[in-house]
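Below you'll find the structure, written out as structure tokens, and then a few comments.
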């Protein structure tokens with residue numbers, strides 16, 4: 001039981017034949033080769049699989065690929081423009097917003113989504129928005145600092 | 001996950017016909033946050049999923065004659081951010097905001113939260129305290145149930161094969177009323193509650209004594225439930241320590257919690273008493289503010 005779905009991923013259109021049970025995460029990783037999004041918990045809790053669906057952040061590990069049919073998906077691969085990193089990515093590097101890196105694609109996609117709607121968030125707003133993106137290394141302080149640094153760039 | 005047939009009808013009648021055709025083997029899917037997770041864990045294995053995504057008329061938040069109607073496809077995030085709901089039923093907007101994470105709230109829907117019938121969920125508790133009703137459709141028919149008759153057991157509802165939640169209706173609170181939703185979270189902010197309590201308080205015109213109050217409990221029984229014995233103690237009374245204690249004890253007598261990693265059954269029973277007191281106090285304070293600042 002398969003279906004052909006049309007996805008627009010990071011600006012490019014794809015027609016993909018998928019089994020109905022394929023998750024959006026598996027479709028991105030296995031069918032489209034976009035392995036930036038990670039599977040952590042597999043039950044929508046850890047945030048490693050965070051992508052944007054029509055601009056709204058979701059857990060792609062518990063979204064069916066068929067649910068995204070006809071929609072726009074943004075993954076971590078879609079953040080940089082040409083060779084220039086997205087300000088959030090640059091800020092995570094400059095401020096040390098990661099250590100092992102497994103959660104980082106989800107963190108930066110979530111942070112980008114926050115700054116899209118709230119360009120100058122308070123620390124409390126950052127922590128509430130990001131509470132579903134688990135990180136076992138940084139203790140979160142550096143992540144909040146990174147997002148504030150990216151927001152500062154919005155200001156300048 | 002098991003293989004399944006996937007249908008994406010574009011009209012409600014079409015969806016109801018498919019649900020009728022597949023009967024027990026079909027499940028309706030909206031955001032899928034609950035259903036896909038259960039399918040991934042092989043707790044449910046439907047032969048057919050009927051997507052509600054493309055069906056018009058199941059979305060929107062509307063108000064008529066003192067009743068607000070939330071379409072089954074309204075997402076938690078939409079409910080949370082609805083300016084109308086924030087103004088007229090802030091307790092409900094706040095309850096949706098307390099669910100999981102923003103990622104989940106972008107996907108999870110009002111109807112899905114009911115059909116999933118996990119007693120640990122937040123919205124059913126507040127909806128129960130607000131006397132909400134569920135509008136249920138099936139091919140060629142519809143019925144309406146009080147939310148208290150809708151939940152039957154852990155993950156079990158009154159929905160028959162072929163039936164679908166179309167919308168939920170919630171009466172607005174009378175003047176001089178306040179409401180609250182409190183959730184005890186000893187672990188993380190996106191966790192299920194150890195104990196959750198929603199309360200409403202409507203004051204007499206004097207603004208001092210309670211005319212009517214309602215209390216609903218979550219995470220402490222196979223379904224969310226009303227603490228009716230506790231409610232019965234409120235009418236005509238003033239809020240004081242003695243009343244809070246009596247209401248808390250009555251509510252504690254109504255619960256049947258499970259021991260799990262969020263607390264032992266005995267602890268949850270004691271915390272029911274504590275949280276009922278906090279919920280009533282907050283609802284009472286909100287009602288007092290409403291008396292001072294009438295709409």
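General remarks:
- Some residue of the stretch B:221-229 being in a loop (DSSP other than H, G, I, E, B), modelled with pLDDT of 95 or more and surrounded by 24 or more Cβ atoms within 10 Å (Cβ to Cβ): yes
- Any pair with Cβ under 9 angstrom, 6 or more apart, that starts in the stretch B:27-49 at a residue that is more than 9 Å from chain A (Cβ to nearest Cβ) and free of Cβ contacts under 8 Å to residues at least 40 places away in the same chain and ends at one that is assigned to a strand (DSSP E or B) and buried (at least 24 other Cβ atoms within 10 Å of the Cβ): B:27/B:49; B:27/B:50
- Within the option set B:44, B:67, B:91, being under 18 Å from the mean Cα position of the chain (by Cα), surrounded by fewer than 21 Cβ atoms within 10 Å (Cβ to Cβ) and not assigned by TED's automatic domain parsing to the domain that holds residue B:190 holds for one residue only, B:67.
- Tally, over the stretch B:91-113, of residues that are within 14 Å of chain A (Cβ to nearest Cβ), under 19 Å from residue B:286 (Cα atoms) and free of Cβ contacts under 8 Å to residues at least 24 places away in the same chain: 1
- When residue A:116 is tested against (1) surrounded by 22 or more Cβ atoms within 10 Å (Cβ to Cβ); (2) in contact (Cβ under 8 Å) with a residue 24 or more places away in the chain, exactly one condition is not met: (1).
- Residue list for the stretch A:3-26, restricted to those being free of Cβ contacts under 8 Å to residues at least 40 places away in the same chain, within 14 Å of another protein chain (Cβ to nearest Cβ) and out of contact with any strand residue (DSSP E or B) (no Cβ under 6 Å at 6 or more places or on another chain): A:25, A:26
- Of the listed requirements (1) at negative phi; (2) surrounded by fewer than 17 Cβ atoms within 10 Å (Cβ to Cβ); (3) outside any strand (DSSP E or B); (4) away from chain A (no Cβ under 14 Å), residue B:54 misses just one: (4).
- Single unsatisfied condition, residue B:202 versus (1) within 17 Å of the chain's Cα centre (by Cα); (2) closer than 17 Å to residue B:227 by Cβ; (3) outside any loop (DSSP other than H, G, I, E, B): (1)
- Assessment of the stretch A:95-108 against the conditions (over 22 Å from residue A:45 (Cβ atoms) and in contact with a helix residue (DSSP H, G or I) (Cβ under 7 Å, 6 or more places away or on another chain)) yields at least one matching residue.
- Checking the stated criteria, residue B:214 turns out not to satisfy the condition of being more than 23 Å from residue B:46 (Cβ to Cβ), in contact (Cβ under 8 Å) with a residue 24 or more places away in the chain and assigned to a helix (DSSP H, G or I).
- Per-region count, the stretch B:7-26, residues surrounded by fewer than 16 Cβ atoms within 10 Å (Cβ to Cβ), within 14 Å of another protein chain (Cβ to nearest Cβ) and not in a helix (DSSP H, G or I): 1
- Inspection of the stretch B:185-194 identifies at least one residue that is touching a residue at least 40 places away in the same chain (Cβ under 8 Å) and crowded, with 23+ Cβ neighbours inside 10 Å.
- From the list A:51, A:88, A:73, the lone residue that is modelled with pLDDT of 95 or more, away from chain B (no Cβ under 11 Å) and assigned to a strand (DSSP E or B) is A:73.
- Residue match in the stretch B:201-217 (condition: at pLDDT 95 or above, touching a helix residue (DSSP H, G or I) at 6+ places or on another chain (Cβ under 9 Å), crowded, with 19+ Cβ neighbours inside 10 Å and over 15 Å from residue B:178 (Cα atoms)): yes
- Residue list for the stretch A:27-48, restricted to those being under 22 Å from residue B:3 (Cβ atoms) and at the interface with chain B (Cβ under 10 Å from one of its Cβ atoms): A:42, A:43, A:44
- The residues of the stretch A:127-146 that are within 14 Å of chain B (Cβ to nearest Cβ), buried (at least 20 other Cβ atoms within 10 Å of the Cβ) and in a helix (DSSP H, G or I), listed by number, are A:129, A:130, A:132.
- Residue check, residue B:131 farther than 28 Å from residue A:1 by Cα, within 14 Å of another protein chain (Cβ to nearest Cβ), surrounded by fewer than 19 Cβ atoms within 10 Å (Cβ to Cβ) and within 11 Å of the chain's Cα centre (by Cα): no
- Filter result for the condition that a residue is at pLDDT 95 or above, part of a helix (DSSP H, G or I) and in contact with a helix residue (DSSP H, G or I) (Cβ under 6 Å, 6 or more places away or on another chain), over A:149, A:124, A:113: A:149
- Conditions (1) within 28 Å of residue A:111 (Cα to Cα); (2) under 17 Å from the mean Cα position of the chain (by Cα); (3) surrounded by 23 or more Cβ atoms within 10 Å (Cβ to Cβ): number failed by residue B:32: (2)
- Which numbered condition residue A:42 fails, given (1) touching a strand residue (DSSP E or B) at 6+ places or on another chain (Cβ under 8 Å); (2) surrounded by fewer than 20 Cβ atoms within 10 Å (Cβ to Cβ); (3) at positive phi: (1)
The values are calculated or read from the model by the stated rules, or taken from the named source; none is laboratory data. These numbers come from a predicted model, not from an experiment. FYI the Cβ positions are ideal-geometry reconstructions off the backbone, even for glycines, and counts take in every protein chain you see.
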